[in-house]
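Worksheet: the structure to be examined is printed underneath.
The values are calculated or read from the model by the stated rules, or taken from the named source; none is laboratory data. Since the structure is predicted, the reported quantities are computational estimates derived from the model, not experimental observations. Cβ atoms come from the backbone with ideal geometry, glycine included; neighbour counts cover every protein chain shown.
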Amino acid sequence: MTPDPDEDGFDAGTLGETIATDPIIRGTDVVKEYETGGQIVRALKGVDFSIAPADFVAVVGPSGSGKSTLLNLLGLLDVATSGEVRLRGEDVSTFTDREQTRKRKETIGFVFQSFYLIPTLTALENVEMPRMLDRTPTKTRERATQLLERVGLGDRLDHYPDELSGGQKQRVAIARSLINDPDILLADEPTGNLDRDTGDQILELFDELRSDENVAVVTVTHDDYVAEAADRVVTLIDGRIRDTESRRANFEEGPDP
Amino acid sequence: MSLLRRLTGRFPSVVIARRNVSRARTRSLLAAAAIMIGVVAIAGIGAGGAAFKQSQLDRIQEQGATNVYVSPGFDKEDRHFDRTDLMRIDETVGGAGIVATESRSMEYRRRSNRERGVSVTYLDDPRRLYDVAAGEIPKNWRRSAVVSREFAADNDLEPGDRIVLAPETDEDETGEFRAYRVTAVLAETQAFGVDQVYLPIEATGDRQYGQVRITTQSVEEAEAAATALREEFNGRKDTLIVFELTSLVRLFTSIVNGINLFLAGLGSLSLLVAGVSIANTMLMSVTKRREEIGVLRAVGYSKVDILRILLVEAALLGAIGAGIGIALALLVVLAANAIFLGSPFAFTSGSLLYLVGAVVFGIGTSLVAGAYPAWRAANERPVEALRG
């Protein structure tokens, strides 16, 4: 939680911000504790991670192993108790709540297991939702339409969530997560509520997005076949990374060029 | 993208809030209905009361609230005014017109053996107080009588007829009867204290006056004249008894205002209940939408954004209730205006103030009631909300 101001300038200098292969977000010896029922639970016990553009990382592990906690830290929804998380070289623990929210909006897209679409909004409006307060309605609508067409729902723009199938809902959710052109897509069990075929479509979509838009995808999953589709699989057990299976790069050491 | 869309794009919080309000339609309507009742109570009672007050004030005004009546005080030895007193009074009140009168009781003989008491007012010139309906008062009025319209009607009198009057003496005996020719009949007035028969002041024989009436143009002038008289004459001794309807008007106004405020206060109690209802509705709504709000926070809505959306939502509930409420209250006020003031559109500034105040109060209550649920929802950590 407490940042070291001396290190701040030093690291920002060495990491740089413009080189594409530099990690978008990097964590060093990250520990996360939280309190439940008067007890302090250590969800992450010193984890290193690094996500580079167009990565596809699957985080697997038994429930309670700290997967969601890791995803929350990556998504700037939470701050590490100790250790360091740097977003493009900036220590995220120095962000105010407002800055954190803004960075989250600019950098991160979220996809949830239960989709979390807003039932009173149409598919198109759900996709527009993250930018609704920006007062650029025409631009936002263009982009949202484009994204829905991109995920194959160009003919469902005005449907409400309860008029869509599970796969369609998840595709709307993915379109929503892309509206602000994020660098990382964080997906929490994105296929958990979908059948295999629909899940495959979602994974294909992820691949397309990575190659076309250079978006990194980090997904927490129980499904082996999702893990198989990933470049790297990080296994978390009891708050520690036990096993990294990599086809392209080592998770802890950052990606290869 | 139509104009509507571009317009709503400018106020996204309102769009979001509107959809959320229509999501739980029954619950929203019930909450809005509570506000509506409060608004109707405040606006209806307040504005109706204002109309009633205005009607009563108008009536008092007609009764002569612009007049000040002065009679000799307890410390005045003579118990009547003479010429010198009149001049002093005239000087004190400045530009206001003064009319000095002397009232006495007389016996009026209708036929040879039927007599009854009448009140007679001696004065210089009745035209300074009343309009003449029939006949004419001569410029140099010294002998003839002027009668009120009521007296003329009761006794079947016309200008030119004769009436026979005798002064009442102290020992319950009647003085000598004398005949007067009726020279004029006065127009009907609503003014307070119209006597029946008027005779020239010369007819008293002693030129003494029992009362002075000061006629001004407005209630404020009357009040100023009364104050000036009290200061001038009633320093240490009570030389004058000054009576003005203005003090009555003030008393009446303060009583009615007090009652009105009390009733409107009771009305606001219902608005308080409405506030509780709105708070409850909003609290249920944000609890139900906990995850949704978590998503909003996750995709980049700040705490302030959430706070604003929810406050707009509460205000919208209040505005719906206040809107329907004010329409109903308007009907009530139109009826009250028609009953008390003769025209449904005779809005007084007081009633308009109550109408506007009720709307402001209604929406304000909703905002205050929505503040805690909104604050709670905005401060919920998205991580907690999304844990499922």
Could you list all residues from segment A:61-75 that are buried (at least 18 other Cβ atoms within 10 Å of the Cβ) and closer than 20 Å to A:Val41 by Cα?
A:Gly61, A:Ser65, A:Gly66, A:Lys67, A:Ser68, A:Thr69, A:Leu70, A:Leu71, A:Asn72, A:Leu73, A:Leu74
Filtered residues of segment B:346-379 (kept if in contact with a Gly (Cβ under 7 Å, 6 or more places away or on another chain) and within 14 Å of chain A (Cβ to nearest Cβ))
none
Going residue by residue through segment B:136-159, is there one that turns out to be touching a Lys or Arg at 6+ places or on another chain (Cβ under 8 Å), at pLDDT below 80 and among the charged types (D, E, K, R)?
no
Suppose the filter is in contact with a Gly (Cβ under 7 Å, 6 or more places away or on another chain), crowded, with 18+ Cβ neighbours inside 10 Å and closer than 23 Å to B:Val295 by Cβ; does A:Leu153 pass it?
no
Residues in segment B:81-91: is at least one touching an Asp or Glu at 6+ places or on another chain (Cβ under 8 Å) and more than 14 Å from every other protein chain (Cβ to nearest Cβ)?
yes
Any strands (runs of 3 or more DSSP E) falling wholly within segment B:48-163 and containing at least 1 residues that are touching a Gly at 6+ places or on another chain (Cβ under 6 Å)
B:97-111
Please enumerate the residues belonging to segment A:33-51 that are surrounded by 21 or more Cβ atoms within 10 Å (Cβ to Cβ) and within 18 Å of the chain's Cα centre (by Cα).
A:Leu44, A:Val47, A:Phe49, A:Ser50, A:Ile51
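Residue-by-condition table, conditions (1) within 14 Å of chain B (Cβ to nearest Cβ); (2) under 24 Å from B:Lys303 (Cβ atoms); (3) out of contact with any helix residue (DSSP H, G or I) (no Cβ under 8 Å at 6 or more places or on another chain); (4) among the hydrophobic types (A, V, I, L, M, F, W, C):
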residue: A:Ala52; (1), (2), (3), (4): no, no, yes, yes
residue: A:Ala58; (1), (2), (3), (4): no, no, no, yes
residue: A:Thr69; (1), (2), (3), (4): yes, yes, yes, no
residue: A:Leu74; (1), (2), (3), (4): yes, yes, yes, yes
residue: A:Thr107; (1), (2), (3), (4): yes, yes, yes, no
residue: A:Ile118; (1), (2), (3), (4): yes, yes, no, yes
Can you find a residue in segment B:363-373 that is modelled with pLDDT under 90, surrounded by fewer than 18 Cβ atoms within 10 Å (Cβ to Cβ) and assigned by TED's automatic domain parsing to the domain that holds B:Phe52?
no
By residue number, the members of segment B:292-322 that are of a type in the set (Gly, Ala, Ser) and within 14 Å of chain A (Cβ to nearest Cβ) are B:Gly294, B:Ala298, B:Gly300, B:Ser302
Could you give me the residue pairs with C-beta distances under 6 Å whose first residue belongs to segment B:216-227 and is under 7 Å from B:Thr66 (Cβ atoms), whose second residue is in a helix (DSSP H, G or I) wherever it lies, and which are 6+ apart or on separate chains?
B:Thr216/B:Ala222; B:Thr216/B:Ala225; B:Val219/B:Thr246; B:Ala222/B:Thr246
What residue, among those in segment A:189-228 that are more than 16 Å from the chain's Cα centre (by Cα) and among the polar types (S, T, N, Q), is farthest from A:Phe112 (Cα to Cα)?
A:Ser211
Evaluate the following for A:Thr107: is it under 29 Å from B:Arg18 (Cα atoms) and at pLDDT 90 or above?
no
Single condition B:Thr121 does not satisfy, out of (1) polar (S, T, N, Q); (2) in contact with a helix residue (DSSP H, G or I) (Cβ under 7 Å, 6 or more places away or on another chain); (3) modelled with pLDDT of 80 or more
(2)
Could you please let me know if B:Glu168 is under 28 Å from the mean Cα position of the chain (by Cα), of a type in the set (Asp, Glu) and at pLDDT below 80?
no
Only listed residue being within 14 Å of chain A (Cβ to nearest Cβ) and modelled with pLDDT of 85 or more, chosen from B:Ser13, B:Ser28
B:Ser28
Got a sec? Which helices (runs of 4 or more DSSP H) wholly within segment B:282-388 have at least 1 residues that are among the acidic types (Asp, Glu) and closer than 24 Å to B:Arg18 by Cβ?
B:290-298, B:303-341
Going by what's in this entry, would A:Phe115 be described as in contact (Cβ under 8 Å) with a residue 60 or more places away in the chain, closer than 29 Å to B:Ser285 by Cβ and in a loop (DSSP other than H, G, I, E, B)?
yes
In segment A:87-105, which residue that is surrounded by fewer than 22 Cβ atoms within 10 Å (Cβ to Cβ) and part of a strand (DSSP E or B) is farthest from the other protein chains (Cβ to nearest Cβ)?
A:Asp91
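Residues checked against (1) among the aliphatic types (A, V, I, L, M); (2) closer than 26 Å to B:Arg23 by Cα; (3) touching a Lys or Arg at 6+ places or on another chain (Cβ under 6 Å); (4) modelled with pLDDT under 90:
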site	(1), (2), (3), (4)
A:Thr122	no, yes, no, no
A:Pro130	no, yes, no, no
A:Leu133	yes, yes, no, yes
A:Glu142	no, no, no, no
A:Leu148	yes, yes, no, no
A:Leu153	yes, yes, yes, no
Given (1) among the charged types (D, E, K, R); (2) without any contact (Cβ under 8 Å) to a residue 24 or more places away in the chain; (3) within 14 Å of another protein chain (Cβ to nearest Cβ), number of the condition B:Arg18 does not satisfy:
(2)
Selected residue (criterion: nearest to the other protein chains (Cβ to nearest Cβ)) from residues of segment A:121-169 that are among the hydroxyl-bearing types (Ser, Thr, Tyr) and in contact (Cβ under 8 Å) with a residue 12 or more places away in the chain
A:Thr140
